[in-house]
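Notes to accompany the following structure.
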Amino acid sequence: MKKLLFITAAVLCSHTLFSWGFYAHRQINYYAVFMLPPGMLVLYKPNIQFLSDHAVDPDKRRYAIAAEGARHYLDIDHYGTYPFDSLPRTWAKAVEKFGKDSLQKYGIVPWHIQTMLSRLTNAFKEKDQVKILKLSADIGHYIADSHVPLHVCSNHNGQFTNQQGIHGFWESRIPELLAATSWDFLLGKAIYIDNPLSFTWKRVLESAAAADSVLHIERNVTTQFSADRKYSFEQRNGQVLRQYSTAYCLAYDQQLNHMIERRMQQSIVSVASFWYTAWVNAGQPDLKQLVNKNFSDEDLREFDELNKAWLKGQAQGKDCD
Ligand SMILES: [Zn+2]
């Protein structure tokens with residue numbers, strides 16, 4: 001009984017215990033660097049560790065700032081059925097139709113990516129190294145989130161269909177299990193994006209179209225596994241944790257026809273291409289000659305505070321990792 005209580009507590013606390021929730025974001029920013037042209041690599045390659053480590057800052061910020069949560073998702077099904085034409089694609093028209101408060105409530109990820117792109121473009125124009133790196137790490141996160149089907153679906157953790165846990169299963173457990181050994185992330189060169197807003201909406205609609213498969217295939221696979229085969233118990237940091245078993249993960253991945261690998265690959269291409277587009281739109285500044293090369297005390301304090309808020313952590317708004 002004691003053991004059961006302990007396991008239950010560990011599962012309930014899984015949000016803070018499962019440190020691999022950040023794994024995919026870090027990988028996406030990391031591999032995006034290799035798609036950049038030499039004029040950008042000169043800055044991005046030496047800072048690849050920073051870009052990877054700080055890919056998760058926006059998720060940590062959700063523990064410090066209430067407005068942060070809405071930037072990571074869009075409950076697109078709130079606006080009808082695919083292709084959700086009732087939702088205007090531009091921010092101005094969407095605000096006009098629904099009002100800011102309502103848009104915030106159902107998520108703003110496609111528009112927040114555009115805000116971040118313009119901030120990053122300005123940072124390139126100012127040749128401000130610290131800003132370029134921080135904003136590159138951040139925008140990578142939001143772009144990656146927009147590629148996750150359950151970030152574009154109100155049933156984001158299977159809570160309406162008795163599939164609780166599917167969010168972390170799809171975006172954390174399976175990448176953690178398979179990415180390093182079986183998935184290919186060397187993907188060629190970044191492309192210039194002529195129309196970032198419509199590019200973003202294409203990715204969002206792909207995610208929305210895939211959400212149904214993510215959910216119904218999980219239900220199918222569940223019928224093929226008894227509960228004791230669906231889950232396994234693992235020791236981690238001295239705790240016993242329940243998680244989806246390897247056999248179950250492999251079966252799901254197979255039946256999804258490797259969708260998670262493809263969405264992660266597309267995320268990497270998109271992140272690199274947004275970074276590249278910001279640089280081109282800023283006039284391709286020489287990144288060997290930059291100002292503000294060191295993080296200020298204020299920057300370091302901000303990183304520290306994000307970490308503290310996250311470790312203490314009660315997420316404000318909807319959970320997304
Ligand atoms: Zn997120």
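The values are calculated or read from the model by the stated rules, or taken from the named source; none is laboratory data. Because the structure is a prediction, the values reported are computed rather than measured. Note that we place each Cβ from the backbone using ideal geometry, even for glycine, and neighbour counts take in every protein chain shown. All accessible areas refer to the heavy atoms of the entire protein, side chains included, with ligands and DNA or RNA removed. Shrake-Rupley method; radii C 1.70, N 1.55, O 1.52, S 1.80 Å.
Reported count of residues in the range 115-129, each being open to solvent by 20 Å² or more (accessible area, probe 1.4 Å) and outside any helix (DSSP H, G or I), is 1. Every condition in (1) modelled with pLDDT under 95; (2) within 16 Å of the ligand (Cβ to nearest atom); (3) open to solvent by less than 50 Å² (accessible area, probe 1.4 Å) holds for residue 67 except the one numbered (3).
Looking only at residues that are more than 20 Å from the chain's Cα centre (by Cα) and surrounded by fewer than 10 Cβ atoms within 10 Å (Cβ to Cβ) in the range 180-191, which one is farthest from residue 258 (Cα to Cα)? Break it down stepwise before answering.
Initial filter on the range 180-191 (more than 20 Å from the chain's Cα centre (by Cα)): 181-182, 188-189, 191.
If we keep only those that are surrounded by fewer than 10 Cβ atoms within 10 Å (Cβ to Cβ) too, we end up with 181, 188.
Working: 181: 14, 188: 20 Å.
Out of the qualifying residues, it is 188.
Looking only at the range 84-104, which residues are in contact (Cβ under 8 Å) with a residue 60 or more places away in the chain and open to solvent by 70 Å² or more (accessible area, probe 1.4 Å)? Across the range 84-104, there are no qualifying residues.
Conditions (1) away from the ligand (no atom under 16 Å from the Cβ); (2) at pLDDT 90 or above; (3) surrounded by 17 or more Cβ atoms within 10 Å (Cβ to Cβ), marked per residue:
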position: 271; (1), (2), (3): no, yes, yes
position: 286; (1), (2), (3): yes, yes, no
position: 293; (1), (2), (3): yes, yes, no
position: 310; (1), (2), (3): no, no, yes
position: 315; (1), (2), (3): no, no, yes
position: 320; (1), (2), (3): no, no, yes
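Is at least one residue of the range 74-92 closer than 25 Å to residue 218 by Cβ, within 16 Å of the ligand (Cβ to nearest atom) and not hydrophobic (A, V, I, L, M, F, W, C)? Yes, there is a match, as at least one residue in the range 74-92 is closer than 25 Å to residue 218 by Cβ, within 16 Å of the ligand (Cβ to nearest atom) and not hydrophobic (A, V, I, L, M, F, W, C).
Of the residues making up the range 238-285, just one is at positive phi and in contact with a Gly (Cβ under 8 Å, 6 or more places away or on another chain), namely 284. Scanning the range 131-160 for residues that are more than 13 Å from the ligand (Cβ to nearest atom), under 30 Å from residue 293 (Cβ atoms) and either open to solvent by 10 Å² or more (accessible area, probe 1.4 Å) or at pLDDT below 95 (or both) yields 131, 134, 135.
Are any residues in the range 265-291 hydrophobic (A, V, I, L, M, F, W, C) and over 20 Å from residue 116 (Cβ atoms), and if so, which ones? Quick ask: steps written out before the conclusion?
Quick first cut of the range 265-291, residues hydrophobic (A, V, I, L, M, F, W, C) only: 268-269, 271-272, 274-275, 278-280, 282, 287, 290-291.
Passing the criteria: only 291.
Filtering the range 38-51 to residues that are surrounded by fewer than 15 Cβ atoms within 10 Å (Cβ to Cβ) and not basic (Lys, Arg) leaves 38, 42, 46, 49. With respect to the conditions (1) more than 16 Å from the ligand (Cβ to nearest atom); (2) out of contact with any Leu (no Cβ under 7 Å at 6 or more places or on another chain); (3) of a type in the set (Val, Ile, Thr), residue 113 lacks only one, and its number is (1).
Report yes if residue 213 is modelled with pLDDT of 95 or more and open to solvent by 50 Å² or more (accessible area, probe 1.4 Å), otherwise no. Explain how you work it out, then say what you get.
Details: modelled with pLDDT of 95 or more: yes; open to solvent by 50 Å² or more (accessible area, probe 1.4 Å): no.
So residue 213 does not fit the description; no.
Taking (1) part of a loop (DSSP other than H, G, I, E, B); (2) open to solvent by 60 Å² or more (accessible area, probe 1.4 Å) in turn, residue 233 satisfies each apart from (1). Within the set 78, 54, the sole residue that is part of a helix (DSSP H, G or I), in contact with a Leu (Cβ under 9 Å, 6 or more places away or on another chain) and open to solvent by 40 Å² or more (accessible area, probe 1.4 Å) turns out to be 78. Let me spell it out: the conditions are (1) loosely packed, with under 12 Cβ neighbours inside 10 Å; (2) over 26 Å from residue 37 (Cα atoms), and residue 194 meets all of them except one. Which number is the exception? Residue 194 satisfies every listed condition except (2). Say whether the condition of being of a type in the set (S, T, N, Q) and at pLDDT below 95 is met by at least one residue in the range 181-191. Yes. Cβ separations smaller than 7 Å between residues 6+ apart or across chains give the following pairs from the range 131-148 residues that are closer than 12 Å to residue 25 by Cβ and small (Gly, Ala, Ser) to residues that are in a helix (DSSP H, G or I) and near the ligand (Cβ under 8 Å from one of its atoms): 144/25.
Does the range 278-294 include one or more residues that are within 25 Å of residue 151 (Cβ to Cβ) and in a helix (DSSP H, G or I)? Spell out how you get there, then give the answer.
Of all residues in the range 278-294, those within 25 Å of residue 151 (Cβ to Cβ) come to 278.
When the remaining residues are screened for being in a helix (DSSP H, G or I), the result is 278.
Yes: the range 278-294 contains one or more residues that are within 25 Å of residue 151 (Cβ to Cβ) and in a helix (DSSP H, G or I).
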